[in-house]
Every structure is written in structure tokens, then in C-alpha cells.
């Protein structure tokens, strides 16, 4: 099935997202995800439906698929107003004039109901052109949105006034200013809300802005002379040659063929210090060359680039709903019908029981409609998640789903792998020995085995020992958690691995790796791995939060204990194979919610089993599917920030939901007893969402450590 990702405009609240989601599910599509904050809609397209049909269906719902071409020969109709600010500015003068008749001194001509009708009509038509159309379309689909409340409230005031005007019942039955004020102030509130919500997307938008820029493409003429000409990076293809100069951004993921440079990768990793890059090293699209000039070959374009993967991860996480949102979604789905019932009940109780006149009863009923805000409940979680994920992405922390943010609040144990996590994974060979092989032959065998592995030890060996006449093995395999095993043309079995590959009675001394031939020890080598500078600080931070720390590794007890003592880790579990790690994580999970941090090479099963798997990953390993959290800055220094953001994002969600529920619980009764004018109610409704957005934006600057 084809994965479709669209940007849809016009979604204002959870009900809008629910409307589109239900429509797409009804059409038989799978894995439908709708995020109304970012306007992102994704689903898997089946053979029975075309994109054109679905685009048309979404358009009929009142929304616009902005990245799809218009259907057939039809063009998108040009609209008089393109945003709520324009609508507000158009309506404001008419509404202001209508409000003048409420001043202590009366303006004579405004006391004429027919003149008030003429002034109100432009505002009412603009309002119904947006709120009315949206309300009717949502009702037709059986999922009433918040615009139903606004449209009914404004229409009730307008129609009641129109009847009073035609029947000449007097000014006590005319309140066109109420209808106009509702529409005008809701437009203002909607515009302010949209601006506030857009701010929550700022960090993600910064990343997205780096996806389109100019590149210097290298081409050769008939005489094989090099020519350079500018092209948009979207036109680049894998294999193209490009020139990147000092001060320019890297247009696409590429590999350096010539030159060296210092590169600022802060956009991707949160690390502002430039990194030195040289021949054969990878440059990430969107990073900035601060010094130097390089020629490079494009290695990935479009959706395959690291930056695109980052954006997709963040968008997917935004589209996910954590468990805390489920209650709010259920309430939002029935909110509008319930409020309509409360509004009708308010009118009946006031008019027939409380002996309030028809005009006042209607005003109270309208105020109930207008003050109610389903958007607040729908906005509470997405706004906080958008800011939390944006701040995380800015610092090189990628959450694969929103659920991880919520789960962080319960973590009581953090398990660390050793190599590449607490240590740098940049090994240096400190010694080697073989009593049966010459030095060159020992190196040749070890190199020939390790060239087929991606383990940090293997990479260090192949980088240090450059062998041209490597052995061609008949069969070779990597035994996870143990080492390499190969068979040569003569049937000899060679093994290179840790202590698990040999009997410790053979050699009581501890070494990094042992070389065996036909199960007989023929040599060993020692390697040293530097502990990360931030490891001790991170462990100390976790202890300050009463989080237990465990070192879980396949390495020897002595080496693990050495690292644990240097960093302050509570407990050491050494010489464990991948299947044993999996069992240990499962046992820990049964006791307390457990996070595991690993390099993702031998730890994939354990990372997947942990409550939260945290991958110590460089950019080329971004696509790892086992971890819920990926730290891109090649270190664990931002692990405390990830934990802090998770906990504080959840706290912000709870605050937002508390405000949303309390606002509606308090505001509706106040409106029902006549203590709130519909015009003030309209303003309060619009700005209730702004309160949530501002509280969410606080998360961007809030101290979370």
C-alpha cells in the first residue's frame, strides 16, 4: 500500500481532525493519523480509492488539501478573505458602529432597527460564509464542530432581531450588535489562537525551512572540464557531485570526496561546536560549513535524508495520542451536542421556571453557546506535545511517539549498555599477542574477521590495521553478543570474540578479544575505550531524581566494574548475551518502569522490551526502529533533558486539561444565569485557547532539569 502524507488547511480543533479521520476510515483506509495543529494527514491508500476522490471528499467537508493539484480542470476558487485577521478587520468597523448606540448618549440614526440591520448584514454574511458553511458541513457528516455553536448563537441573535424589526416590536427586541460582536470577536480569537498555535510549531518549522535551498552542482563538459552551476537542492539525485563553500548549508546528505571543513550540526544535534569533517566522512543535509570548502557526492535525497527522517519522526510523534488524551477526545466528540442541549435547557428554565423575559432568556442561551469551548480540550495535549517535541528536536532528541513523553514520568530505573553509551566507543589497540602466529598473519586474520562487523571494536581494528590481502572466507557470520565466526577454504574454523567465546580456565588474564582456531586459543588483543566526560554527571543527575542506575554489558566483569566505579553506577550485570539482556530487562520492567540506553547494535531486543528504549545513535543509524527515543548528539549528555522534557510536557498537558475542563465547568453556569453578555462570552471563548497555547509555549523556555 502507498503511504500518503498530506497537508490540510482549515482544521481548527479536535472535532475537525475527528471529522477527517472518520471520513478516511469510512473510505476503508488504514493507519489514518490526523494532527490538527500541524495540519498533517497521513494514511495508507488502498486500490479502491484514488487521491483525487479523497481530495474531493475532504474539500466537500470544508477543508483544503494544499499539496494536491485541483481536480480536473477546476481551479481552487479565489477567496475574498484568506485568513481570520482579514475577516476581523472587515467586520470591526461595522461592529464598532453598531456598538455606538449602547453609549449613554444615543446617536439618533442608529436607533432605527432597519439601519442597524443594514450595518449588521455584511458582518453576518461574512460570519456565516465561514462559521455557517463549516457548521452545515460538519452536521451533514454527523460530527458537529465548534462552529455549530457560533453559527447558532449568532443566527439566533440575528433572527430574533430581524423578527423584532419586521414586527416593529421596539428596540428591546433588537440586538444586532450581539450577532455582530459574536462573529467579530470570535474571528479575533481564532486569529490569535492560530498565531499562538503556530508558535508551538516554530522549532519544527525551522527544520522544515532547511529542506529547500540552492546547491552548487558540478558537471563536466565534452572536454571533461569541470563546470559549476546553481540548482535547487530538490533537483539533486543520488550520485551527483556538488561543491560546498565556507558559510553555505549542506544541500543534501553527502560524502566528502575532496577537502575538509568544520561543520556546525546544531540544527540536527543541538551541539553548537563545529565538528571537523574530512575525506570519506558524511555531511548531513541542513548542517552549515563554518570553515573550509569540500567537493562531495550526494548519498540521499528527498524522504531518504536525515533531516527528512527527523521531520517525519516528529510529525508522527505529534500525530500520536498519549493515553491522557483519550478522555478529552471522548468528551470533545460529544461536547457540541451536549452544549446545544444545555443551551436549549437554559432558555426553557429561564423563561418558564425563573420567569425571565424571552429576550434575556435568549441572551443567556446564546451566551452558553458562545462561551463553550471544545477546542480547549482538543488543544490541551497537541499544543504541549508540539512544543515539547520541537524543543527536543532542536537539541537532537527525537521521540518516536508521544506516548514516550508520558511514560518518562514513571521511570524508576535506567539501564546502560557500556560500549558506545557510557564510553565513547572509539577504541585504541593497546596490545596484542600470539604465540603461534607471526604479527602480520595475526593482524591479517583479525582484520579479515572484523571487516564484516559494524561493532565499535571491529571498526577500530579495521581503521588501525589496513590489510590489502584479506582472507576470502568460505563462510562467515557475526554471533551477536559474542563475536565473529568464519570458515576458511581448508575447513578451519576461526573465532574472534569476548570471554564468552573461550573457557576462562584457558587464560585467567582478562583481555578484550580472543582469537581461536578450531576451538584452540591462538592469540588475544587488548583495547582501551575512553569513558564519556558527561557520564558521571548524567548518573549523578539520575541519582538526584531517585532513579536507580544499572550497567548491563556483554563485556568482562573487571572492565564493567571499572566503568561503574568511575561513573557512580549502582549495579553491574556483566558478561550478558543479548538473550540474557532481554530477560533482565523484562524482569526489571515487571518491578518498575525501566528505560534502557544502548548503541542499538547488540541491544535491539532489550531496547524494544524496555518501557522506553533510548538509542545512542549517530545520524546514519536514525532509521532504527527499536528505540522510542533517539539521541543524535553522539552522547548521553542530553538524556537528563529528554527525561525532564518528558516529565514537564506531561505536567503541561495536565495543566492544560485542568484549565480546559474547569473553564467550561465554570463558564457555562455563569452564562446560564445571565452573568455574561454574549459579546464578552465570544471574546472569552476565543482567548481560552490562547491561555492553553501560552502555557504550552512556556515549555519552550521552562527550566526542566
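The values are calculated or read from the model by the stated rules, or taken from the named source; none is laboratory data. Since the structure is predicted, the reported quantities are computational estimates derived from the model, not experimental observations. Virtual Cβ from ideal backbone geometry, glycine too; neighbours counted across all protein chains shown.
Before moving on, here are some points about what is shown:
- Sole exception among (1) touching a helix residue (DSSP H, G or I) at 6+ places or on another chain (Cβ under 6 Å); (2) assigned to a helix (DSSP H, G or I); (3) modelled with pLDDT under 80 for residue 660, by number: (3)
- Boolean, residue 550 is part of a helix (DSSP H, G or I), in contact (Cβ under 8 Å) with a residue 40 or more places away in the chain and either within 14 Å of residue 414 (Cα to Cα) or more than 31 Å from the chain's Cα centre (by Cα) (or both): no
- All told, residue 445 falls short of being part of a helix (DSSP H, G or I), at pLDDT 85 or above and either in contact with a helix residue (DSSP H, G or I) (Cβ under 6 Å, 6 or more places away or on another chain) or under 17 Å from residue 420 (Cα atoms) (or both).
Residue-wise test of (1) outside any helix (DSSP H, G or I); (2) in contact with a strand residue (DSSP E or B) (Cβ under 9 Å, 6 or more places away or on another chain); (3) farther than 30 Å from residue 522 by Cβ.
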| site | (1), (2), (3) |
| --- | --- |
| 387 | no, no, yes |
| 393 | no, yes, yes |
| 404 | no, yes, yes |
| 407 | no, yes, yes |
| 415 | yes, yes, yes |
| 435 | yes, yes, no |
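- Hits in the range 417-432 (condition: surrounded by 21 or more Cβ atoms within 10 Å (Cβ to Cβ) and outside any strand (DSSP E or B)): 417, 418, 419, 420, 421, 422, 425, 427
- Restricting attention to the range 161-180, the residues that are surrounded by 23 or more Cβ atoms within 10 Å (Cβ to Cβ) and not in a helix (DSSP H, G or I) add up to 2.
- Scanning the range 575-599 for residues that are more than 30 Å from the chain's Cα centre (by Cα) and outside any helix (DSSP H, G or I) turns up 575, 576, 577.
- Only residues that are in a helix (DSSP H, G or I) and exposed (fewer than 13 other Cβ atoms within 10 Å of the Cβ) were counted in the range 216-238, giving 1.
- Among residues of the range 159-173 that are in the same structural domain as residue 359 (by TED's automatic domain parsing) and at positive phi, those with a beta-carbon under 9 Å from a residue that is part of a helix (DSSP H, G or I) and modelled with pLDDT of 85 or more at least six positions away or on a different chain give the pairs 168/113; 170/113; 170/164.
- Residues of the range 440-464 classified as without any contact (Cβ under 8 Å) to a residue 24 or more places away in the chain and either over 19 Å from residue 529 (Cβ atoms) or buried (at least 17 other Cβ atoms within 10 Å of the Cβ) (or both), total: 5
The rows are residues; the columns are (1) at pLDDT below 85; (2) over 27 Å from residue 195 (Cα atoms); (3) assigned to a strand (DSSP E or B); (4) in the same structural domain as residue 140 (by TED's automatic domain parsing).
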| site | (1), (2), (3), (4) |
| --- | --- |
| 7 | no, no, yes, no |
| 17 | yes, no, no, no |
| 25 | no, yes, no, no |
| 28 | no, yes, no, no |
| 32 | no, no, yes, no |
| 37 | yes, no, no, no |
| 41 | no, no, yes, no |
| 44 | no, yes, yes, no |
| 48 | yes, yes, no, no |
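- The single condition among (1) within 30 Å of residue 381 (Cα to Cα); (2) without any contact (Cβ under 8 Å) to a residue 60 or more places away in the chain; (3) touching a helix residue (DSSP H, G or I) at 6+ places or on another chain (Cβ under 7 Å) that residue 287 does not meet is (1).
- Residues (farther than 24 Å from residue 685 by Cβ, touching a helix residue (DSSP H, G or I) at 6+ places or on another chain (Cβ under 6 Å) and modelled with pLDDT of 85 or more) located in the range 137-175: 164, 165
- Candidate set: the range 65-86, residues that are surrounded by 15 or more Cβ atoms within 10 Å (Cβ to Cβ) and closer than 17 Å to residue 133 by Cα; chosen: the one modelled with the lowest pLDDT: 81
- Of the residues making up the range 668-679, just one is assigned to a helix (DSSP H, G or I), surrounded by fewer than 21 Cβ atoms within 10 Å (Cβ to Cβ) and touching a residue at least 40 places away in the same chain (Cβ under 8 Å), namely 670.
- For the range 523-547, the set of residues classified as buried (at least 18 other Cβ atoms within 10 Å of the Cβ) and farther than 17 Å from residue 637 by Cα consists of 523, 524, 525, 527, 529, listed by residue number.
- Matching option when the condition is surrounded by 18 or more Cβ atoms within 10 Å (Cβ to Cβ) and either modelled with pLDDT of 90 or more or part of a helix (DSSP H, G or I) (or both), among 118, 127: 127
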